[in-house]
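Beneath this line is the structure, given in structure tokens, with notes to follow.
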Amino acid sequence: MGHVKLANYSLAYKRIKNAAFDGTGTRSTVLFFVAADVDAICAFRMWTSDCISYVVVPVAGMDDVRSEVKNMSSSIRSILMFNCGGLFNLEEYIELSEDITIYVLDSHRPVNLRNAFWNNEIIVFHENDLDKELVVEKEAIIFTEENEYEHLNGRRNESDDDDIEEGDEDEDEDDYDEDNDRRRRRRTGIDSEVAPSKLNRQWKESRAVIIDYMSKGSHYGTSISNQTYMMATQLDRTSVDLLWLAIVGLTSQYLCEQIGHKTYLDGVQIYKDESERLAPGDRRPRTGANQDSNLTTTINSPDDGVIQCTDEYRFMMVRHWSLYESMYHSNYVASRLGIWREPGRKKLLAMLAKMGFSLEECNQVFAHMSIDLKKILKERIEFVAPEYGLHEVLYTSFTRSYGFRGLMSAGDVVHSVTSLLESSPASLVALGHRPEWTADDSHLTNTTAEQSEGQEGNEDSAPSWWHANFYRACDSLDSGGGEGDQLRQGLRLCMKFQQAIVRQSIAIIEKQVIITLSTCRVATLKDGPDLPVFWNPLTLAKLAQFLIYAIREYGSTKHGHRPIPLVVAVLKEETQTFVVTGTNGSPVIGEVISNKFSVVFEKISYNEKIPVKYLGFDKSVIEIDRDDLEAFIRSIGRYMR
């Protein structure tokens, strides 16, 4: 089968469900591998709404996948991979079997061609028809795989002496591994009379097509929660809860700048129509003064749960923070005003004063502000903001009622769930923060103690806190916010993380840590109290995103409308390694371009023989030895084009 387009998702779902039962009626199990990101968790929650027996395994990288499949139950018939594995050749990590089918639901692009077109045991979900979208690439991967043995054999024979004995040839062929044997068995028929030289030339041309396709850089397709919701629509199983999960997944892509503004608005329009369709008659989205006030919509009942399309501010969690803190710590406002300088901070105060808001009022938690001020906030901001260069202070999004506890925007949920995922013991110690849930979690205390003693065993204990975080993040997506309202606990934690991000970004800019090379900018962090916060790929990505915003507004403009390549490396003292991420930031808000660093890092590692460890499932985030960093950074210029 190889791959399935969006229109046929329901058929693939029924195949998975049917495989969960054998001929005797005995139930088998579906294995879910779920990546550590909001979109993947939302999609996972949507898939488990049906009565399918499953086992879920949170995975932080392909090494986790490799180790988990070795111990999986014999009852497994289907493996589903959510936002993991799409970029990798899964045959290298999972032993393929005719008894088990692997389904890849991953928004990472480009898709791995061997997964999509070569291995029948792997089925790739894709929003488009790959047979039509990748015609040339499909022919190229099939040709190279079918002729791999012949190409290698011809290359070896050309390098051998003319007087090689027949027996030596036979012995040489016996050295090929089982993978080459399998290729020969799966060939669809090759003209044996084709000259080796012509075959090699065609093989190299096909290989060049594949390399060109994979070298375009990493980007993202339709969120997998959106794809899952479309599948639920085909199955006629949509609900308000599933719609909210799809909205959160889409919003996470937008806030992380994985998709452009136009793609986001297309999704918003679909979900706006769906929210109106699914809302009961007495709970239709309300109009009038309450809706215009934007942040103060009244609640009908404790179990309202209604979803509304609203205009949201590009401020961080404004409903749950003070107005001043929310604006000061938002990427958009902070970068436009330049809050890392005194004049920038004065601009923010002047803007609030011009709006007619006192500093005392703006420093209160938003819920405690005057109702009259809340009602005029949108009008005042729209009038004053353009004067300070804030022309895009609003964007279209959604809110959902959480009963008498008030409204929660989709952006709030994204920030909360992300913070629950990224809160390692080391980062919590660095932030001086102890969330409510850690009181009874002995494994977190033990891990923190090990870290403080400088033991290296914390790598083995990492899965305990990481898995615990994963399940809390899943629970927080319940309509009630999870046990003990974990959703709001995550919001409080997010405030600490965002403060650290802004604090570290200001330090980087003030100390001029960023150096400009011929092809990119590089920021290397080797000390500071907040260093452990950025060992997590999620937090490091947010730091890089904030710096991109700052460079976009205040960096050099001599290159005009061109990408902003940035590499950020953070020292991890315990292991004497650097966590490194690279991003091709777009020079314009709302535009997204492919990230070339995923390809560059892979090439440097292979060609320069520098070992790297991929963190997560995007190849632009790696961990390398401390001694290799200088050579690695130096090599970037040779591979960036």
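Bear in mind that the values in this text are calculations on the coordinates, not laboratory data. Just so it is clear, the structure is predicted and the values come from calculations on it, not from any experiment. We place every Cβ from the backbone using ideal geometry, glycine too, and count neighbours over all the protein chains shown.
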Check your understanding: If each residue's Cβ is checked for other Cβ atoms within 10 Å, how do TRP340, TRP465 rank with the fewest at the top?
Key -> TRP340, TRP465
Check your understanding: Given LYS272/LYS374; LYS262/LYS354; LYS5/LYS262; LYS511/LYS619, which pairs have Cα atoms separated by over 31 Å?
Key -> LYS262/LYS354
**Study point:** Amide H contacts of LYS216 (H built 1.01 Å from N, under 5 Å, at least 5 apart or other chain)
**Key:** none
Exercise for review: Add +1 for every Lys or Arg and -1 for every Asp or Glu among the other residues with Cβ under 10 Å from the Cβ of ILE94, and state the total.
Suggested key: -3
Revision key, fill the gap. Listed by chain and number, the residues whose amide H is under 5 Å from that of TYR103, excluding neighbours fewer than 5 places away on the same chain and using placed H, are ILE79, LEU80, MET81, ILE123
Point to revise | Unsatisfied cross-links (Cα-Cα over 31 Å) in the set LYS14/LYS542; LYS14/LYS204; LYS346/LYS542; LYS132/LYS542 | key: LYS14/LYS542; LYS14/LYS204; LYS132/LYS542
Review point. What is the range 512-641's relative contact order, in percent, from Cα pairs under 8 angstrom and six or more apart in sequence?
Key: 23
Point to revise | Spacing of the two label points (7 Å from each Cα toward its C-beta) at ASP63 and ARG562, in nm | key: 3.7
Practice item. State to the nearest 20 debye the size of the charge dipole of the range 512-641 about its Cα centre, where the only charges are +1 on K and R beta carbons and -1 on D and E beta carbons. Key: 580
Review point. Over all distinct alpha-carbon pairs, what is the Kirkwood Rh of the range 512-641 in angstrom?
Key: 14.9
Practice item. Return HIS219, HIS391 ranked ascending by Cβ neighbour count within 10 Å, so the fewest neighbours appear first. Key: HIS391, HIS219
**Study point:** Karplus-derived 3J(HN,Hα), 6.51/-1.76/1.60, for each residue of the range 225-231, Hz, glycine and proline x
**Key:** 5, 5, 4, 5, 5, 4, 5
Study note, to complete from the structure: So for the range 3-127, using the alpha carbon gyration tensor with a ≥ b ≥ c as root eigenvalues (a/c under 1.5 gives rounded; past that, a/b versus b/c decides prolate or oblate), I'd call it rounded
Revision key, fill the gap. The lysines whose Cα lies under 23 Å from the Cα of LYS70, excluding any fewer than 8 residues away in the same chain, are LYS613
Check your understanding: Per the Kirkwood formula on distinct C-alpha pairs, the Rh of the range 579-620 is how many angstrom?
Key -> 11.4
Practice item. Round to the nearest 0.05 the FRET efficiency obtained for GLU133 and ASN607 when R0 = 25 Å and r is the Cβ-Cβ distance. Key: 0.25
Study note, to complete from the structure: Taking THR516, THR399, THR222, THR238 and counting other beta carbon atoms within 10 angstrom, the fewest-first order is THR516, THR238, THR222, THR399
Point to revise | Ranked by how many other beta carbons lie within 10 Å on average, peptides 78-91, 374-387 from highest | key: 78-91, 374-387
Check your understanding: What shape does the range 378-436 have by the C-alpha gyration tensor, where a ≥ b ≥ c are the square roots of the eigenvalues, rounded means a/c under 1.5, and otherwise prolate means a/b greater than b/c and oblate the rest?
Key -> oblate
